[in-house]
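The values are calculated or read from the model by the stated rules, or taken from the named source; none is laboratory data. Because the structure is a prediction, the values reported are computed rather than measured. Neighbour counts are summed over all protein chains in view; Cβ atoms, including those assigned to glycine, are modelled from backbone coordinates with ideal geometry.
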Amino acid sequence: MSARKIEIWHAAGLIDADTRAALLAYEEENARPLALWAVFGIGALAITLGFISVVAANWEEVPGQVRLAIHWALLGAAVGGLLLKEKRLVEASPWALEALIAIASALGLTFFGHLGQVYQTSSPLWVPLALWLALFGPMLLLTGRSWLTASFVLGAAIYAAFEYASANERLVYGADDAEPVVAWLAAVVGAPVLFAPLGAFFRGRSARPDFWRRLEEGAFAYAVAGASMAAGVASADGFRGEESGMLGPVALAVFAGLGLVAGLLVALGRLTLSGRLSGAIIAGAGLTMLIARSVSGVEIAAALLFMALWTGIAAAALKAGWRGVFQLAVAVIAVRLIILSFELASDLLLSGFGLILSGLLILGIAWAAFRVSRVFAPEADEAAPEASNTQAAP
């Protein structure tokens, strides 16, 4: 807050002289020399980039074992700093701790690649990712405090799952009885959605609610994105002829089951209106994936399925007070309506009159979506990461 703002408020009669003096004194006492910090940051960045340039220029001249030893020492220093200075770093700045966690995690992940480079070994990408999750996942879950570390955990889990499924999908076509293999691969790909109940359970029972909230929200988004993609595949008739593999009925049944289980556990793990609605949406996303195959190739039915999912999200957001989610849902539905209008009237686009009608339709849908999002959107979300009221984020 600037002194100029405080003077403006005082001149407008919003604060009295005593409040003005108290605010100015507080701001002066807690002022941060941002310009000086920026200079120090630029200097440190320049030195770091200089070291990187020197090492990169002489990379091949440095023995592999020496490089690995330096890498290992840096990794040990980062992890040791976390173990020894965690409480002090939290008191000084939670973001300093978060940055150190991110550095340690990045050093751990790149170490596997460095090891493979030195010893000329190779393996599927999911192997080092899974090993990294096994070794560093507990550290992130026990110390993470914000979206940064939550995205590390969830992002690595999703990437490893897809890489594992991609590397082993050939087993589906070579097996006499492929259903168990398909079910296993689908379970691996769908498993990241189970971070939602984990986050839901701990966000109100931990001193790090931001981290667990972001983890739950990430898994929530993963479930909704998967269901939306399934509805999109159905609209393009992508399920036709897919009797096995990740688009087959067995895989979709596994995805649906995981969604239902995760949704139920979220509702049980967070006994608030927000928790129940989040769980219902995740469960609905699972059911959407199961239904999508049955409407494959039927454009209107697939579009209605997609819009039913997002209408449910909008209704839940309106009830729970998730302003951003509500506005996003309205925008997604509007875009899907526009796409549907093009799908149903593609012939009209070949004429000038049809283009005029399409343009007017787009403007009308956009205007209606804007009005709905402005008029009916709930108040802004609560700042608190966990609250028992209905304004809590999903």
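Can you find a residue that is aliphatic (A, V, I, L, M) and in a loop (DSSP other than H, G, I, E, B) anywhere in region 153-167?
Scanning region 153-167, I find no residue that is aliphatic (A, V, I, L, M) and in a loop (DSSP other than H, G, I, E, B), so the answer is no.
Of a type in the set (Lys, Arg) and crowded, with 24+ Cβ neighbours inside 10 Å: which single residue out of 323, 336, 270 fits that description?
270
So, of the residues in region 90-105 that are under 21 Å from the mean Cα position of the chain (by Cα) and not hydrophobic (A, V, I, L, M, F, W, C), which turns out to be surrounded by the most Cβ atoms within 10 Å (Cβ to Cβ)?
Per the stated criteria, the residue is 105.
List the pairs whose first member sits in region 217-230 and is farther than 12 Å from residue 313 by Cβ, whose second member is surrounded by 21 or more Cβ atoms within 10 Å (Cβ to Cβ) and among the small types (Gly, Ala, Ser), and whose Cβ atoms are under 7 Å apart, counting only residues at least 6 apart or on separate chains?
217/393; 218/150; 219/196; 219/199; 226/285; 230/292
Among the residues in region 343-355, are any part of a helix (DSSP H, G or I), among the aliphatic types (A, V, I, L, M) and either under 19 Å from residue 307 (Cβ atoms) or modelled with pLDDT of 75 or more (or both)?
Checked region 343-355: at least one residue is part of a helix (DSSP H, G or I), among the aliphatic types (A, V, I, L, M) and either under 19 Å from residue 307 (Cβ atoms) or modelled with pLDDT of 75 or more (or both).
Whether any residue in region 57-75 is under 26 Å from the mean Cα position of the chain (by Cα) and over 30 Å from residue 164 (Cα atoms) is what I want to check.
Looking for residues that are under 26 Å from the mean Cα position of the chain (by Cα) and over 30 Å from residue 164 (Cα atoms), one finds none in region 57-75, hence no.
Restricting attention to region 291-312, report how many residues are crowded, with 24+ Cβ neighbours inside 10 Å and either in contact with a Leu (Cβ under 8 Å, 6 or more places away or on another chain) or farther than 30 Å from residue 249 by Cα (or both).
1
Test residue 237 against the criterion of being in contact with a Gly (Cβ under 8 Å, 6 or more places away or on another chain), acidic (Asp, Glu) and touching a residue at least 60 places away in the same chain (Cβ under 8 Å), and give yes or no.
Taking the combined requirement at face value, the residue satisfies it.
Which residues, counting only those in region 110-144, are modelled with pLDDT under 85 and either at positive phi or under 19 Å from the mean Cα position of the chain (by Cα) (or both)?
Hit for region 110-144 is 120, nothing else.
Of all residues in region 118-134, how many are free of Cβ contacts under 8 Å to residues at least 24 places away in the same chain, part of a helix (DSSP H, G or I) and farther than 20 Å from residue 76 by Cβ?
Number satisfying all stated conditions: 1.
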